[in-house]
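The values are calculated or read from the model by the stated rules, or taken from the named source; none is laboratory data. Given the structure is predicted, the values throughout are model-derived calculations rather than measurements. Note that each Cβ is placed from the backbone with ideal geometry, even for glycine, and that neighbours are counted across all protein chains shown. Just the protein is used for accessible areas: all its heavy atoms, side chains included, with ligands, DNA and RNA removed. Shrake-Rupley method; radii C 1.70, N 1.55, O 1.52, S 1.80 Å.
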Amino acid sequence: MTAFEVNFDGLIGPSHNYGGLSDGNLASATHAGAVSNPREAALQGLEKMRMMLRSGLVQGVLPPLPRPNFDFLVSAGFGGTDAQIIESAARVAPHLLKAAYSASSMWTANAATVSPSADSADGRLHFTTANLSTMLHRSIEHPDTTATLISLFDNEDHFAVHSALPMHPDFADEGAANHVRLCAEHGAAGVELFVFGRLAGESTLGFPARQSRLASESVIRGHALASNRSVLLRQSVDAIDSGAFHNDVVCVGALDTLFFHELAFDDTKAALAAIRQAADGLFELKPVMVADAEVPISDAIRSYLFNSQLVQMPGEDRLVLIAPTETQEMESTRVFCEKMVSGNGPIGRVEYVDVRQSMHNGGGPACLRLRVVMTEAEINACHQGVLLDEEAIDELQDVVTATYRDRLAPSDLADPKFADECRAAREQLLAVLDLESLA
Ligand code: SUG
């Protein structure tokens, strides 16, 4: 069956700010407290979507979640009117207010894990919303994310939307950021890789390992995936402690190609052997491993070389790597990319995109999109308002330009009027996407 990879990018919300909320995410720590520019952030994201669309790909979008998250603040004991809730949270618990305002749902690679219908025993396209339980500000995303996915994929013949796994560290799940699907072509059965940082119950030193093996195993069961086509791999501690808080900071795969850093996995040789065994009879794996001697892990993480989108563009016979401009600006990664594309490997071109506002919080091009492999029937069965054309992108950009601030300091979150601004902006975005029901 023919299928297409549809990228659902997160539309960056009006409260995008640098809260310094993510332990183990070096960019978030470095930019903590800086003034952000939500308008520029959202426009950068929308330009990336436009670039994909112009290349002939199907491009989707997921709207921002409602922020501030009043349910969260109320469950933390704040009460009264909206303005009173914000004023008292700003006074006694500014860290909770920052969490409630985080625009982190923009990184839709963490929204859910997705398995295409070609891989599932029941022939449906499966989503499991990520519980994101390791980081407080992210743990409050899942109820609204599930509601969004249900609105978009509201057809049980084609789609199964599973709500988040249990909210316990044993089930810590970060979604597609720790998941890679490999195949001969999108519509054919594939091999799904699940990368975890620790076992349930295991405590680790250093930066937090955000994904548990139990979470990955649970998703494999829920999505009715064949066990011989599912591979569980352990992230290396070196990668996590160097700042690879998700596997997609050191690895990206598409079709039969796996592009990864030498230090990404705990045991690279065993990882490749396991993938080859699972792929037996389906495709021949093309690994592209980048040696630490060529691109040190610290450069890979600062530039986000691997947090790139790896896509098959119509009319091009080799894959295209859509990398952040930071990769072009760093000597080791630029030289590596030039050498890679001049060789005859599976990646033939690198396109650089500017998503700097998101990058300063540790989110590159790959974080900003959720990949959903869909057949034509599935594309037709999903909510059409989120499948973009240039006109819709223009309309969204107009709303952003008219309603988003171009300067936001964490202290601005204390102003109750900002909550009204965020609500009004989101309502206008939802209207463009024909999703008023989520308001
Ligand atoms: O979870 N940053 C996000 C970045 C997520 C990137 N996603 C992928 N790698 N797929 C995170 O650490 C920072 C927010 C702040 O500090 O204000 C943040 O949540």
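Annotations
- Subtracting the Cα-Cα distance of Glu436 and Ser298 from their residue separation scaled by 0.36 nm leaves 45.3 nm.
- When the residues Lys98, Lys417 are ordered by accessible surface, computed with a 1.4 Å probe over the protein chains alone, the sequence from largest down reads Lys417, Lys98.
- Ranking Leu199, Ser115, Phe72 by Cα position along the charge dipole of the chain, where only Lys, Arg, Asp and Glu carry charges on their C-beta atoms, puts Leu199 farthest toward the positive end.
- Considering only alpha-carbon pairs that sit under 8 angstrom and 6 or more positions apart, the relative contact order computed for the range 133-177 is 45 percent.
- Angstrom value of the Kirkwood radius, inverse mean 1/r, which spans all Cα pairs in the chain: 21.6
- Listed peptides 83-95, 420-432 by packing density, highest first (mean Cβ within 10 Å): 420-432, 83-95
- Simple point charges give the picture: +1 on the Cβ of Lys and Arg, -1 on the Cβ of Asp and Glu, and for the range 193-265 a dipole about the Cα centre of about 300 debye.
- The string of couplings for the range 280-296 from the Karplus curve (6.51, -1.76, 1.60, θ = phi - 60°) is 3, x, 9, 6, 9, 5, 10, x, 10, 9, 9, 6, 4, 5, 8, 10, x Hz, one whole number per residue in order, with x for Gly and Pro.
- Backbone amide hydrogens, once placed in the peptide plane, bring Asn17 within less than 5 Å of Ala103, excluding anything fewer than 5 places away on its chain.
- Radius 9 Å from Cβ of Asn17, net charge of other residues (Lys, Arg +1; Asp, Glu -1): 0
- A simple rule links phi to the HN-Hα coupling: the Karplus curve 6.51 cos²θ - 1.76 cosθ + 1.60 with θ = phi - 60°, which for the range 32-38 gives 3, x, 5, 7, 9, 10, x Hz, with x for Gly and Pro.
- Listed residues Pro166, Ala278, Gly20: farthest to the positive end of the dipole of the chain (Cβ charges): Gly20
- Taking the charge dipole of the chain about its Cα centre, with +1 at Lys and Arg Cβ atoms and -1 at Asp and Glu Cβ atoms, the residue from Thr327, Gly60, Leu96 reaching farthest to the positive side is Leu96.
- Of the solvent-accessible surface of the chain, computed with a 1.4 Å probe and all protein chains present, 50% belongs to carbon and sulfur.
- Around the amide H of Gly362, modelled in the peptide plane, lie the amide H atoms of Ser28, all under 5 Å away and 5 or more residues distant in sequence or on another chain.
- Taking other residues whose beta carbon is less than 9 angstrom from the beta carbon of Asn69, and scoring Lys, Arg as +1 and Asp, Glu as -1, yields -2.
- Sequence of Ile240, Ile150 when ordered by accessible area, the most exposed leading, probe 1.4 angstrom: Ile150, Ile240
- With the Kirkwood sum run over all distinct C-alpha pairs, the range 1-124 has a hydrodynamic radius of 16.9 Å.
- Amide H contacts of Leu62 (H built 1.01 Å from N, under 5 Å, at least 5 apart or other chain): Asp9, Gly10, Leu11
- For Phe245, net neighbour charge (Lys/Arg +1, Asp/Glu -1) across residues whose Cβ lies under 9 Å away: -1
- Between Ala414 and Ile150, the contour length at 0.36 nm per residue exceeds the Cα-Cα span by 91.8 nm.
- Accessible-area value, Thr145, 1.4 Å probe, nucleic acids and ligands omitted, Å²: 10
- Sorting 319-327, 339-347, 208-216 by average packing, meaning the other beta carbons within 10 Å per residue, from highest down gives 208-216, 319-327, 339-347.
- The solvent-accessible area of Leu21, taken with every protein chain present and a 1.4 Å probe, is close to 50 Å².
- At an R0 of 22 angstrom, the distance between the Cβ atoms of Ala76 and Ala29 translates into a FRET efficiency of 0.40.
- Computed on the chain, with alpha-carbon pairs under 8 angstrom and 6+ residues apart, the relative contact order is 24 percent.
- Per-residue accessible area (protein heavy atoms, 1.4 Å probe) orders His186, His162 as His162, His186, starting from the largest.
- Whole-Å distance, taken between Cα centres, linking the range 258-272 and the range 185-204: 13
- A 1.4 Å probe run over the chain, with the rest of the protein chains in place, finds 37 Å² accessible per residue.
- Secondary structure note: in the range 136-256, about 40% of the DSSP beta bridges are antiparallel.
- Cα coordinate range in the range 279-335, projected on the principal axes (Å, largest first): 38, 26, 16
- Computed with a 1.4 Å probe on the full set of protein chains, the accessible area for Glu329 sits at about 110 Å².
- Ellipticity at 222 nm from helices only: DSSP H runs of n ≥ 4 in the chain, each -39500 (n - 2.57), divided by the residue count, give -10000 deg cm²/dmol.
- Where both bridge residues fall in the chain, DSSP classifies roughly 50% of the beta bridges as antiparallel.
- Label-to-label distance, nm, for residues given as Asp354 and Ser227 (7 Å Cα→Cβ offset): 5.2
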